[in-house]
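Colleague: Sharing a structure here in structure tokens format.
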Amino acid sequence: MNSQQWIEKSDNYIMKTYGRYPIVPVRGEGCRLWDADGKEYLDFLGGVAVNNLGHCHPKVVAALQKQAGELLHCSNYYQIPQQIELAELLCNHSFADKAFFCNSGAEANEAAIKLARKYSRDTYGPQRYEIITAAESFHGRTMATVSATGQEKVQRFFDPLLHGFTHVPFNDAAALEAAVTPNTCAIMLEPIQGEGGVNVPSPGYFQEVRRICDQHGLLLIFDEVQVGMGRTGKLFAYEHFDVVPDIMTLAKALAGGAPIGTMLAADKYAAAFTPGTHGSTFGGNPLVCAAAIATVRTILEDGILNRTEEIGEYLLGELETLGKKYSFVKEVRGIGLMIGMSLEIPGAEIVKKGHECGVLLNVTHDTVLRFVPPLVVTKQEINLMIELLDGIFAKI
Ligand code: PMP
């Protein structure tokens, strides 16, 4: 079947939730994807920051193949060494002491919200449940994470939202402090906002946020679902900001393309989850954990972090040079390979033209082109993308 036939069949059987681009990818390798018509694409979206190691990285594929022949799933027992090993790996490379595993970013954030509320309730009483998050933030599509999300377009149609979420402008410590009440239990933020338009905080912002948390006894939760796992040139984005959270969530790129989520916490808070308080049938199953172990080891051992920093600076520089040629480009910003180009015009048409030319681009927050290619992207691939984008910009 060709792409058009798949799209027609999809319309018959698949609910229309995501706004989908009319492309049917069937195979991937590194930074390349091929669709059902055999057309090749250069992937600068990487499954929205999922495919950090590129499509079908051989070490991830080998880990999945090996594990698939040994054990796929088993709940309620300790016999999941892959899960324990992955938790050890993540804790040894972060502030955290303990991990909880689930299947997606939204689920990881749900777990973070529940843990923060449980800890605060145990410590201060049941009225202490409010969580402050940022305007334009994105934390997921489940009811609690929709309530945490700071975007009206995500929340509308789903009233009543979960009680107890307050939204304040991102990167404004004074607004954050003013929103704290005696019932506040936590502050939940993305270190760099992804869906909100690739918004990088000012130096010093997170030190202020940490001070506010310490002063008022609040937990600091970082949603690293989009920016974690090497995307910014460090394993976790918080490392750029000289700040340590109490809870962190990961998903997307953690298992090299296999579905996983995790919520990591310092012991003091992790202890609030006791048997029977939370769970997930497939959370931490050996298949995805084996893929995640291979992913984390590859990121740490194959020089991916240094490479990301270097190639990220190159991409940022090339985009800045391109941006100077066109008056409708406002700003290029980002860290590592988490880069946004804000425009004075909507980006949808540029993305569409990119697809026609064989380059997968994305627009977030309507006017921000987002560049989140696999971390293994080469200079040649960047040069090719810039050339194609220049051609598209020239016709606007
Ligand atoms: N948090 C952030 C920062 C995200 O970018 C996303 C997904 N775009 C999520 C949470 C939700 O992740 P998932 O789709 O895996 O539930």
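Colleague: In terms of modelled amide H atoms, which long-range or inter-chain residues lie less than 5 Å from the amide H of residue 27?
Modeller: It is 34, by chain and number.
Colleague: Which ³J(HN,Hα) values in Hz, rounded to whole numbers, follow from the phi angles of region 299-313 under the Karplus curve 6.51 cos²θ - 1.76 cosθ + 1.60, where θ = phi - 60° and Gly and Pro get x?
Modeller: 4, 6, 9, 9, x, 5, 5, 4, 4, 5, 4, 5, 6, x, 5
Colleague: Leaving out ligands and nucleic acids, note down the accessible area per residue over region 24-176 with a 1.4 angstrom probe, in whole Å².
Modeller: Spelled out: the 1.4 Å probe surface of region 24-176, per residue, equals 49 Å².
Colleague: How large is the direction-averaged shadow of the alpha-carbon convex hull of region 317-396, in nm²?
Modeller: Over all viewing directions, region 317-396 projects a mean Cα-hull area of 4.7 nm².
Colleague: With a Förster radius of 45 Å, plug the Cβ-Cβ distance of residue 29 and residue 396 into 1/(1 + (r/R0)^6) and report the FRET value to the nearest 0.05.
Modeller: It comes to 0.90.
Colleague: What distance in nm lies between label points placed 7 Å from Cα along the C-beta direction at residue 76 and residue 2?
Modeller: So the two model labels end up 5.2 nm from each other.
Colleague: Same structure, new question: Starting from the 7 Å offset along Cα-to-Cβ, what nm value, one decimal, do you get for the label separation of residue 380 and residue 274?
Modeller: That separation, rounded to one decimal, is 6.1 nm.
Colleague: Right, another one. For region 329-374, how big is Rg over Rh, using alpha carbon atoms and the Kirkwood form of Rh?
Modeller: Checking Rg against Rh, the ratio lands at 0.96.
Colleague: How far apart, in nanometres, would the label points at residue 300 and residue 175 be if each is projected 7 angstrom from Cα along the Cα-to-Cβ direction?
Modeller: Placing both labels 7 Å beyond Cα along the Cβ direction yields 3.8 nm.
Colleague: Relative to the present Cα-Cα distance, how much length would full extension add between residue 157 and residue 330 at 0.36 nm per residue of separation?
Modeller: 59.0 nm
Colleague: Taking the Cα centre of the chain as the origin and placing charges on Cβ (Lys, Arg +1; Asp, Glu -1), which of 383, 109, 241 is farthest toward the positive end of the dipole?
Modeller: Of 383, 109, 241, it is 109.
Colleague: In whole angstrom, how far apart do the alpha carbon centroids of region 104-149 and region 6-85 sit?
Modeller: 28
Colleague: Something else now. Rg/Rh for region 1-137 to two decimals, with Rh computed the Kirkwood way over all alpha-carbon pairs.
Modeller: Looking at region 1-137, the ratio lands at 1.06.
Colleague: Return the Rg/Rh value of region 71-170, two decimal places, where both radii are evaluated on C-alpha atoms and Rh is the Kirkwood radius.
Modeller: 1.04
Colleague: Would you mind checking region 322-343 for residues with the amide N under 19 Å from a putative spin-label position 7 Å along Cα→C-beta of residue 310?
Modeller: Within reach of a label on residue 310: 335-338.
Colleague: Hey, another quick one. Have a look at 197, 54, 276 and tell me which one the Gaussian network model of the chain (Cα, springs below 10 Å) gives the largest fluctuation.
Modeller: It is 276.
Colleague: Further question: Running a GNM on the chain with Cα contacts under 10 Å, which residue among 314, 21, 205 ends up with the highest mean-square fluctuation?
Modeller: 21
Colleague: Just the number, please: carbon plus sulfur as a percent of the accessible area of region 20-107, 1.4 Å probe, no ligands or DNA/RNA counted.
Modeller: The computed percentage sits at 56.
Colleague: If I stretch the segment between residue 214 and residue 62 completely, what's the gain in nm (0.36 nm per residue apart, minus their alpha carbon distance), one decimal?
Modeller: Between residue 214 and residue 62, full extension yields 50.3 nm more.
Colleague: Next question. Distance cut-off 30 Å, Cα to Cα: go down the list 66/114; 16/352; 16/118; 59/379; 9/153 and report the pairs above it.
Modeller: Over 30 Å Cα-Cα: 66/114; 16/118.
Colleague: Okay, next question. Mind computing the radius of gyration and Dmax over the alpha-carbon atoms of the chain? Å is fine for both.
Modeller: For the chain, the Cα radius of gyration and maximum Cα-Cα distance read 20.9, 61 Å.
The values are calculated or read from the model by the stated rules, or taken from the named source; none is laboratory data. Computed from a predicted structure; not experimentally measured. A quick note on method: Cβ atoms are made from the backbone with ideal geometry, for glycine too, and the neighbour counts reach across all protein chains shown. Ligands, DNA and RNA are stripped out before the accessible areas are found, and what is left, the full protein with its side chains, is counted by its heavy atoms. Shrake-Rupley method; radii C 1.70, N 1.55, O 1.52, S 1.80 Å.
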